[in-house]
Amino acid sequence: MGRPDPEEGQLPAPLKPPDGGWGWIVLLGCFVITGFSYAFPKAVSVYFKELMKDFHVGYSDTAWISSIMLAMLYGTGPVCSIMVNQFGCRPVMLIGGLLASAGMILASFTTNIIELYLTAGVLTGLGMALNFQPSLIMLGTYFDKRRPLANGLAAAGSPVFLSSLSPLGQVLLEMFGWRGGFLIMGGLLLNCCTCGAVMRPLDMGMKRKMGKAQDKYEAKEMLPIGGKSEEGISTTDGTKKGKKAKKKPKKGKKLLDFSIFSNRGFIIYTISKFILVLGLFVPPILLVNYAKDTGVPDTEAAFLLSIIGFIDIFARPACGMVAGLKWVRPHVAYLFSFSMLFNGLTDICSARASNYTGLVIFCIFFGISYGMVGALQFEVLMAIVGSQKFSSAIGLVLLIEAFAVLIGPPSAGRLVDALKNYEVIFYLAGSEVVLSALFLGVASYCCLNRGKKEPPPENNPTAGGGSDTEEAESDVQEAEEHSSDNHQPAHSTDNAVAVANEEANHVAEEQGGEGGGCPAGDGEVLVRDGCNADQMVERDSF
């Protein structure tokens, strides 16, 4: 009782997210992965004119390359979840980096547009998907208190890389042509393998340290009198084998956990996110053409996207810092709802902008609101389902978003062709975003009030990481049972008490007990026969 036992109640403690240390390296890797995943499909568009000349195809045909990349990024979410749950984050990211790089390298040798779809579209898109999702999972593993800030900093990789990869692609195109540019871009994507290599599993190093400390402690406590080291080592080894044998049946893990659909918060989040994606990406896609139709020169029209990207770079980390405040974090879902409402109202209010000044003001406010949405979207999901189920949750959410991505922007483009009016499209897109914000805010508020009125069930994990607590409690209970079966005599160092313990064990054997210490339920009787009173009190406290 004097010293903390690594087996009793303290197993989950070393697995607590460090909120720093190696986590900052993981954050850097996540920053790079997020930048490549979101910016690369857009940066490839600088090669489209050359591809149209070489393959004699139209703009819509080449645009399918970026669309396929995004579809793979979103649509393969469940596949990524299954692979992460089966093999872990690091191996999946290493394979993804190789696939992404191989896709662009092979694309540089293609001879028709179909081959480009299969290489740059499918293969590279799949590789980036296998990197993006595990990087977010590892970020949630390494950060808890600072997780909102970490998510904001990682999300800032998207605008930073977009503002870097597009000019770089233009330079490579002028110097080496599109084939040379694709080849060099493929080499750059090998950095995803480097980012995957730094994604060290948190529990691996912790469990090794804990196991060594546990072995030393057990050997020291079980052998208060020297001279029987071999016996102590064999006992310790037997203890470890017994513990592994106990944990084997528990280790069965679901490849894709569909139980998250029983979480009302997850259902609300998924529906609101689907409605959000229908209108979120429409304004930046149509903005340049809209500006040109109002008489803005081409160079100034293209600069509007740079304004959004520049504001976005600072908006995401700033929003992450705000979301991490003690009085804000419990209500992060409402902050996310506010950011969506802000974004939707920006679209609606700017629909009548008819000059360049009005479009610049729109870009400033859109960049702020868009950055807030990007910084909070995965933080809210982590808070709802917890880190244990996040790998399955993000895969299913991305799959549902894939349908919205394939419906929203193409439908907006068709409406523009039919109506020849951008104003209606901005109203429609803004209304969809506002609807998603209102649905998330109102539904969350109703569920929150309902949860306050109803007493929470004892074994039902609450939103925001209940599954982690449940896992920790099961580990503590297992450690306690194991300790009570094998290590009860270890707390006594007095020779007289040791002799009394042996007599108590003989009595327990005659009564049909297991003889490893104080049987459960008989503690009060055996105390008088020599069982250490501290052991009984410690068991009762659990």
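With the condition kept exactly as written, say whether any residue in segment 216-236 is touching a helix residue (DSSP H, G or I) at 6+ places or on another chain (Cβ under 7 Å) and either assigned to a loop (DSSP other than H, G, I, E, B) or modelled with pLDDT of 90 or more (or both).
Checked segment 216-236: at least one residue is touching a helix residue (DSSP H, G or I) at 6+ places or on another chain (Cβ under 7 Å) and either assigned to a loop (DSSP other than H, G, I, E, B) or modelled with pLDDT of 90 or more (or both).
Pairs needed: first member in segment 350-370, within 20 Å of THR299 (Cα to Cα); second member anywhere, aromatic (Phe, Trp, Tyr); C-beta distance under 6 Å; at least 6 residues apart or different chains.
As it stands, the answer is ALA353/PHE362, since those pairs meet every condition given.
Can you pull out the residues in segment 86-114 that are open to solvent by 10 Å² or more (accessible area, probe 1.4 Å), more than 24 Å from THR194 (Cβ to Cβ) and either out of contact with any Leu (no Cβ under 8 Å at 6 or more places or on another chain) or among the polar types (S, T, N, Q) (or both)?
Those that are open to solvent by 10 Å² or more (accessible area, probe 1.4 Å), more than 24 Å from THR194 (Cβ to Cβ) and either out of contact with any Leu (no Cβ under 8 Å at 6 or more places or on another chain) or among the polar types (S, T, N, Q) (or both): PHE109, THR111, ASN112, ILE114.
Hey, can you tell me all the residues within segment 122-162 that are outside any helix (DSSP H, G or I) and either at pLDDT 90 or above or within 15 Å of PHE31 (Cβ to Cβ) (or both)?
Listed by number, the residues that qualify are PHE143, ARG146, ALA156.
Which of (1) at pLDDT 90 or above; (2) over 30 Å from LEU255 (Cα atoms) does VAL332 not meet, given it meets every other one?
Every listed condition holds for VAL332 apart from (2).
Take the residues in segment 375-402 that are under 19 Å from ARG146 (Cα atoms) and not in a helix (DSSP H, G or I); name whichever of them is modelled with the highest pLDDT.
Going through the qualifying residues, I end up with GLY386.
Condition first: in the same structural domain as GLY196 (by the TED database) and within 25 Å of ARG200 (Cβ to Cβ). Can you find one or more residues in segment 45-68 that meet it?
No: zero hits.
Failed condition for TYR445, given (1) under 28 Å from ALA150 (Cα atoms); (2) at pLDDT below 90; (3) touching a Gly at 6+ places or on another chain (Cβ under 8 Å), with all others met?
Answer for TYR445: the failing condition is (3).
Considering only residues that are outside any helix (DSSP H, G or I), over 26 Å from the mean Cα position of the chain (by Cα) and at pLDDT 85 or above, which ones fall in segment 40-79?
Passing the criteria: only HIS56.
Filter segment 412-422 down to the residues that are surrounded by 14 or more Cβ atoms within 10 Å (Cβ to Cβ) and either under 10 Å from VAL282 (Cα atoms) or among the charged types (D, E, K, R) (or both) and list them by number.
Hits for segment 412-422 are ALA412, GLY413.
So for segment 306-324 (the condition being at pLDDT below 90, open to solvent by less than 20 Å² (accessible area, probe 1.4 Å) and not in a helix (DSSP H, G or I)), does at least one residue qualify?
Looking for residues that are at pLDDT below 90, open to solvent by less than 20 Å² (accessible area, probe 1.4 Å) and not in a helix (DSSP H, G or I), one finds none in segment 306-324, hence no.
Can you tell me which residue is most open to solvent (accessible area, probe 1.4 Å) among those in segment 257-287 that are aliphatic (A, V, I, L, M) and farther than 19 Å from SER369 by Cα?
So the residue we want is ILE271.
For residues that are small (Gly, Ala, Ser) and part of a helix (DSSP H, G or I), scanning just segment 80-117, find the one that is nearest to the chain's Cα centre (by Cα).
The residue in question is SER81.
For the subset of segment 325-350 comprising residues that are part of a loop (DSSP other than H, G, I, E, B) and open to solvent by less than 20 Å² (accessible area, probe 1.4 Å), which member is nearest to ALA429 (Cα to Cα)?
SER350
The values are calculated or read from the model by the stated rules, or taken from the named source; none is laboratory data. Keep in mind that what you see is a predicted model, and the values were worked out from it rather than measured. Note: ideal-geometry Cβ built from the backbone for every residue, glycine included; neighbour counts use all protein chains shown. Just so you know, the surface numbers come from the protein's heavy atoms only, side chains and all, with ligands and any DNA or RNA stripped out. Shrake-Rupley method; radii C 1.70, N 1.55, O 1.52, S 1.80 Å.
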